[in-house]
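Peer 1: Take a look at the following structure, please.
Just so it is clear, none of the values below were taken in a lab; they were calculated from the coordinates. In this text the structure is predicted, and so the values were computed from the model without any measurement. Here Cβ is always computed from backbone atoms with ideal geometry, including for glycine, and neighbour counts include all displayed protein chains.
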Amino acid sequence: MDTAEVILSVLVVVIIIVSLLSNVLVLICFLYNPEIRKQVPGLFNLNLTFCNLLLTVSNMPLTLVGLVSKAQPGTDGFCQIVGFLETFLSTNSMLSMAALSIDRWIAVVFPLRYRSKMRHKDAAFVLGYTWAHSMSFSTVATSLSWVGYHRLYASCTLSNPRASSRTQFVIFTVFFHSFTFLLSFIVLCVTYLKVLKVARFHCKRIDVITMQTLVLLVDIHPSVRQRCLEEQKRRRQRATRKISTFIGTFMICFAPYVITRIVELFPAVPINPHWGIVSKCLAYSKAACDPFVYSLLRHQYKKTCTDIINRLLKRSSLNTSGRGHENQGNSLPSME
């Protein structure tokens, strides 16, 4: 292994550890807090976490094995199963992000009708579609033997070693990425830009009310006035920053891999083997980013994590105190 391969191997290990810990923490918060379970977005987050966890334990370690050994991990049948999972889970996770953006769009644009438009059965219907959509593409690829070990990515993924079916594979690949990555990206852009537009409108209304209040309060201290103006600026930037994070992480993580898969369809264009692994690592890194982007940085999840930690520390301190009292009781002299 050269230096680049060692660095990439370490990167895959880091992604596996971060993804595993963060997604397990999201799952613990979901099981611990009944309020999160009652919310409709919690179902989409649960589905996204489920896909990320399965991808972390099933595909990432085998990519690491393929990168280190420079050979296919396991038999052809085993690699086809892993490739099926990779296609299914990656598609499902993209569509889950699109579903979350639609949920936010309905909640912000139609707040009074949100409960009637997005109920648990509506969320279950959307999740059913994401599973059917993901299952159809992965089943077609597997049944046509278009899933196997790909040396460029050191992974069991979409691959077509046969020249006889090249045209069909090219059509399938373009169709697949158009109805997974491109469709999800369009949905994210349309919904979140609508959300941003509404958020900016509300910010302007709040700013007008704040300025009118500041004008009326003639005797207000200059430092208080300055803090109000700074809060206005932070409020405007907060919505833009969140929307940029949702769309930006999606593009940064998935776009290089998808573009590489499309460029790969043209044999005349050479692709650096190290770049193939890098693009795959970027796609894997989305599984490590999602828990922070969609869950753990939200106030509700932060509070749940704090409650869990406090309960564990309290239980630990009670156990320690109980053992201390027991030891003191054993050490008291006998009164006989």
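Peer 1: Taking H as built 1.01 Å from N, whose amide H comes closer than 5 Å to the amide H of residue 156, not counting residues under 5 places away?
Peer 2: Long-range HN contacts for residue 156: 150.
Peer 1: When only alpha-carbon atoms are used, what values of Rg and Dmax, in angstrom, describe segment 132-204?
Peer 2: When restricted to Cα atoms, segment 132-204 yields Rg and Dmax of 18.2, 60 Å.
Peer 1: Further, regarding this structure: What is the ratio of the Cα radius of gyration of segment 7-156 to 2.2 N^0.38 Å, where N is its residue count, to two decimals?
Peer 2: My calculation over the Cα atoms of segment 7-156 gives 1.20.
Peer 1: Then there's this: Pop the C-beta distance of residue 299 and residue 1 into the FRET formula with R0 = 51 Å and round what comes out to the nearest 0.05. Intermediate values should be presented prior to the final figure.
Peer 2: Working: r = 44 Å, r/R0 = 0.86.
E(calc), rounded to 0.05, equals 0.70.
Peer 1: Can you give the extra length, in nm with one decimal, that the chain gains between residue 193 and residue 144 once fully stretched, where that is 0.36 nm per residue apart less the Cα-Cα distance?
Peer 2: Values: separation 49, 0.36 × 49 = 17.64 nm, distance 3.89 nm.
Between residue 193 and residue 144, full extension yields 13.7 nm more.
Peer 1: Place the peptides 78-87, 153-162, 116-125, 62-71 in order of packing, highest mean first, counting for every residue the other Cβ atoms within 10 Å and averaging per peptide. Walk me through the numbers before you get to the answer.
Peer 2: Working: 78-87: 20.7, 153-162: 22.8, 116-125: 13.0, 62-71: 17.7.
Packing proxy ranking, top to bottom: 153-162, 78-87, 62-71, 116-125.
Peer 1: As I understand it, the dipole of segment 3-324 uses +1 on the Cβ of Lys and Arg and -1 on the Cβ of Asp and Glu, about the Cα centre. Which of 75, 116, 92 lies farthest toward its positive end?
Peer 2: So the residue furthest toward the plus end is 116.
Peer 1: Follow-up. For segment 3-324, just list the percent of Cα-Cα distances falling in each 20 Å bin from zero outward, please.
Peer 2: Spelled out bin by bin, segment 3-324 gives 27, 49, 21, 3, 0 percent.
Peer 1: Might you report the magnitude of the Cβ-based charge dipole of segment 3-324 about its Cα centre, with Lys and Arg at +1 and Asp and Glu at -1, to the nearest 20 debye?
Peer 2: Numbers: 36 positive and 13 negative charges, 275 e Å.
Dipole about the Cα centre, nearest 20: 1320 debye.
Peer 1: Listed here are the pairs 121/302; 117/302; 38/303; 38/242; 242/302; 194/286; which of them are more than 19 Å apart at the Cα? Provide the component values of the computation, followed by the final result.
Peer 2: Details: 121/302 27 Å; 117/302 28 Å; 38/303 16 Å; 38/242 24 Å; 242/302 17 Å; 194/286 24 Å.
As for pairs spanning more than 19 Å Cα to Cα, those are 121/302; 117/302; 38/242; 194/286.
Peer 1: Sticking with this one: Can you compute the FRET efficiency between residue 21 and residue 315 using 1/(1 + (r/R0)^6), with r the Cβ-Cβ distance and R0 = 25 Å? Round to the nearest 0.05. Don't jump to the answer; show the numbers that get you there.
Peer 2: Values: r = 21 Å, r/R0 = 0.85.
Once rounded, the FRET efficiency stands at 0.75.
Peer 1: Another question, if that's okay. Quick query: amide H of residue 147 versus all other amide H atoms, modeled in the peptide plane; which residues come in under 5 Å with a sequence gap of 5 or more or a different chain?
Peer 2: Under 5 Å from the amide H of residue 147: 159.
Peer 1: Now a separate question. Compute the signed sum of charges (Lys and Arg +1, Asp and Glu -1) over the other residues within less than 14 Å, Cβ to Cβ, of residue 310.
Peer 2: Details: positive: 302, 303, 311, 314, 315; negative: 307.
Residues close to residue 310 contribute a combined charge of +4.
Peer 1: Tally Lys and Arg at +1 and Asp and Glu at -1 over the other residues with C-beta under 12 Å from the C-beta of residue 114: what net charge comes out? Can you show the working numbers first?
Peer 2: Working: positive: 104, 113, 115, 117, 119; negative: 103, 122.
Cβ neighbours under 12 Å give a net charge of +3.
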